[in-house]
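A quick write-up on the structure given underneath.
Nothing in this text is a laboratory measurement; each read-out follows from the coordinates by a stated rule. All values derive from a computational prediction rather than experimental measurement. Positions of Cβ are generated from backbone atoms using ideal geometry, with glycine treated the same way; all protein chains shown enter the neighbour counts.
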Ligand code: NAD
């Protein structure tokens with residue numbers, strides 16, 4: 001049976017793509033400028049939707065959602081001409097006279113499946129890359145962030161060419177139907193379990209996939225670092241969005257001598273950021289739903305909670321510190337994706353490296369240290385999607401760095417030109433001349449006096 005999205009969603013986009021509409025760079029720029037206008041015109045509605053979904057403060061929206069998307073569009077508009085140009089490469093002497101280049105060409109109709117934790121950014125950022133590269137897009141936002149999903153479904157058709165993008169709202173059932181279609185690329189952000197479902201479905205059509213997944217991102221702290229700045233940065237990176245961030249530090253590996261000063265400094269910064277009761281503070285986010293809140297509170301069973309652990313009826317959970325959780329407990333086996341921060345004491349950097357290498361490859365790895373030798377050792381002896389030294393997820397704001405996982409934390413990447421290339425087929429082109437047609441390769445071979 002054919003997918004119910006074939007006739008109204010997929011085919012019109014495919015026809016528009018085949019008409020050559022999106023080959024025109026000006027058409028692509030118009031779509032990006034319209035997206036820019038959508039975000040700026042509707043800032044209030046966006047803030048409201050994000051507040052309804054996650055209790056997000058406006059300042060956080062600006063830093064991690066709307067502002068991020070607008071910077072992304074600006075950078076893409078500025079770079080589009082350069083990225084889409086043929087990329088000249090050299091041609092070996094034996095193939096002269098001739099010239100060679102790589103031509104980025106759009107893939108076709110692509111599917112973008114978004115996650116709920118940054119429901120604007122994680123939908124629009126891949127869409128920006130896909131449109132810039134000249135593709136038509138089906139966007140499936142997460143049903144868990146239902147207000148942002150509904151707003152995107154309402155606004156995108158008003159601002160963008162309806163031949164460029166179509167939004168399908170819904171959950172597993174709708175996503176499964178979409179996955180039956182022969183897309184030219186699937187870009188999925190979310191958990192490992194659904195990532196496998198996406199990849200299996202894609203294999204049916206040999207559709208390439210980008211999987212932006214998660215995992216437990218470790219954070220190593222040496223005793224020689226500036227504890228106040230370290231604590232401030234850890235607190236922001238962990239508790240922005242109440243820890244519901246794929247690149248949040250999942251747990252700390254702290255050198256023994258640093259443990260007490262660090263815990264004190266973190267508590268001081270938590271109070272400075274959110275006061276005595278973060279769950280009542282308007283600068284602190286809510287947990288997405290009751291199921292996730294239950295999952296998080298269950299992680300605390302049998303653990304040594306040294307700070308926080310409170311929840312309220314409105315669905316908030318306070319910043320929570322857990323000391324030395326057992327390695328085999330669910331808290332240390334699953335991605336936390338919430339405001340609980342386990343602190344594990346290690347005796348040295350090598351012990352931290354061994355701890356990390358016993359686990360699946362994380363999406364991000366952080367280290368706070370002034371010891372260049374130790375930093376180098378950690379970078380070269382561990383594997384992760386990204387590394388940031390002496391800070392947290394700010395590395396994502398650098399468009400010149402690819403963003404993506406490795407192993408179970410994902411495959412493929414995006415941001416800046418990496419996103420453009422993800423949604424492009426990099427076509428090899430060699431242009432030869434009719435001059436100097438060397439006969440060496442032609443049959444009959446017996447006539448050739450080769451040295452073989
Ligand atoms: P999820 O994987 O459950 O859902 C993501 C999307 O998949 C949604 O659009 C949903 O509708 C769809 N979906 C759900 N069940 C499905 C099914 N059975 N068949 C087909 N589609 C289905 O999202 P989640 O697990 O709650 O998201 C959290 C995870 O996402 C965490 O692991 C986090 O680290 C990761 N994440 C990664 C990034 C990144 O950029 N790498 C960003 C955000 C979140």
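Structural remarks
- Fully extended contour minus Cα-Cα distance, from residue 427 to residue 197, at 0.36 nm per residue: 79.9 nm
- Axis of helix 372-381 versus longest Cα principal axis of the chain: the two differ by about 60°, to the nearest ten degrees.
- Cα-based radius of gyration of region 204-260 once divided by 2.2 N^0.38 Å, which approximates compact folds: 1.58
- Region 239-254 and region 308-350 have Cα centres separated by 9 Å.
- Förster-model FRET efficiency, 35 Å R0, residue 154 and residue 277, C-beta, rounded to 0.05: 0.45
- Under 17 Å from the residue 4 label point (7 Å along Cα→beta-carbon), backbone N, region 179-223: 179-181
- Projected-area average for region 284-361 over all orientations - Cα convex hull basis, square nanometres: 5.9 nm²
- Pairs of Cα atoms nearer than 8 Å and 6+ residues apart set the relative contact order; for the chain it is 18 percent.
- Taking every alpha-carbon pair within region 25-178, the share separated by more than 21 Å comes to 48 percent.
- The Cα center of region 62-116 and the Cα center of region 152-224 differ in position by 20 Å.
- Each of residue 172 and residue 27 was given a label point 7 Å from its Cα along the Cα-to-Cβ line. The distance between the two points is 3.9 nm.
- Percent of Cα pairs exceeding the 15 Å cut-off, where the set is region 1-56: 69 percent
- Note on residue 351 and residue 268: their simple-model spin labels are 2.5 nm apart, each label 7 Å out from Cα toward Cβ.
- Cα convex hull, region 221-380: 103 Å³ per residue, rounded to a whole number.
- For region 251-291: span of alpha carbons on each principal axis (Å, largest first): 37, 25, 11
- The chain: mean projected area of Cα convex hull, nm²: 27.7 nm²
- With only the Cα atoms considered, region 1-108 has a convex hull volume of 203 Å³ per residue.
- Sorted largest first, the spans of the alpha carbon positions of region 326-452 along the three principal axes are 75, 35, 32 Å.
- Along principal axes, Cα extents of region 105-244, largest first, whole Å: 55, 34, 32
- Dimensionless Rg over Rh [region 102-178; C-alpha; Kirkwood]: 0.98
- Difference of contour (0.36 nm per residue) and Cα-Cα distance, residue 305 to residue 226: 25.9 nm
- From helices alone, the chain scores -11500 deg cm²/dmol at 222 nm; the rule is -39500 (n - 2.57) for each run of n ≥ 4 DSSP H residues, then divide by the residue total.
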